[in-house]
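**Q** Please find one structure pasted underneath; my questions will follow.
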Amino acid sequence: MPNSEQPNFDEEFDEAVAEWRDKHRLREDDAVMLLVELFRIHQRHWDEIRRREFPSFEQFRADIAKLAESARAFQGQSAALLELLRSQPPANRAARITRAAAFFATIAGVLAGYLIGRVWP
């Protein structure tokens, strides 16, 4: 079951900075604290750019649902086609030449060779 409550990273960051400040006995107007504030500004800026460039999946939810439905329909149709193909008798009949056809082809070849030999000296 997914957790619907997202952690608040801003509060965690503020707590970590406060602990760090107390540990090193830094004043509020210390240069390092100003750098931390500059980092927060920078991070908010890049988070906003990232949100604009990477849209959420909510925009694609309908398309993903249609794709899933199409995939289910394709699987169902493929299964039906496979069952139909399995139910068909095998088509292993090789093309056969009858003896009569072979006999007439041999006679025609011999006759054609004889006539070509008579015409072409």
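**Q** Provide the net charge surrounding residue 47, with neighbours chosen by a C-beta distance below 13 Å and charges set as Lys +1, Arg +1, Asp -1, Glu -1. Walk me through the numbers on the way to the answer.
**A** Working: positive: 40, 44, 50, 51, 52; negative: 10, 48, 53.
Summing Lys/Arg as +1 and Asp/Glu as -1 gives +2.
**Q** In the chain, which whole DSSP H runs stretch at least 20 Å along their own axis (Cα) and average -1.0 or higher on the Kyte-Doolittle scale?
**A** Those that pass (Cα extent of 20 Å or more, hydropathy at least -1.0) are 31-53, 61-87, 99-119.
**Q** Rounded to the nearest 500, what is the chain's calculated 222 nm mean residue ellipticity when only DSSP H runs of at least 4 contribute -39500 (n - 2.57) each, over all residues?
**A** Working: 4 runs with 87 residues, N = 121.
Value at 222 nm, helices only: -25000 deg cm²/dmol.
**Q** With the cut-off at 1.5 for a/c, could you classify segment 58-120 from its C-alpha gyration tensor as rounded, prolate or oblate? Write out the running numbers ahead of the final one.
**A** Numbers: a/c = 15.34, a/b = 3.24, b/c = 4.74.
Judged from the Cα gyration tensor, segment 58-120 comes out oblate (a/c at least 1.5, b/c at or above a/b).
**Q** Mind checking the per residue accessible area of the chain for me, 1.4 Å probe, whole number of Å²? Write down the numbers at each step before the final one.
**A** Values: 12060 Å² over 121 residues.
Accessible area per residue, the chain: 100 Å².
**Q** Still on this model: Can you bin the chain into rounded, prolate or oblate? Criterion: square roots of the alpha carbon gyration tensor eigenvalues sorted a ≥ b ≥ c, rounded for a/c under 1.5, prolate for a/b above b/c, oblate for the rest. Before the final figure, lay out each step's value.
**A** Numbers: a/c = 6.51, a/b = 3.43, b/c = 1.89.
Verdict is prolate for the chain.
**Q** Something else: Out of the total accessible area of the chain (probe 1.4 Å, heavy atoms of protein only), what percent is carbon and sulfur?
**A** 61
**Q** Given points 7 Å out from each Cα along the Cα-Cβ axis, report the residue 107 to residue 33 separation in nanometres with one decimal.
**A** Using points 7 Å along Cα→Cβ, the separation is 11.7 nm.
The values are calculated or read from the model by the stated rules, or taken from the named source; none is laboratory data. Just so we're clear, the structure is a prediction, and the values are computed from it rather than from any experiment. As a convention, Cβ positions derive from the backbone with ideal geometry for all residues, glycine included, and neighbour counts pool all protein chains shown. Just so you know, the surface numbers come from the protein's heavy atoms only, side chains and all, with ligands and any DNA or RNA stripped out. Shrake-Rupley method; radii C 1.70, N 1.55, O 1.52, S 1.80 Å.
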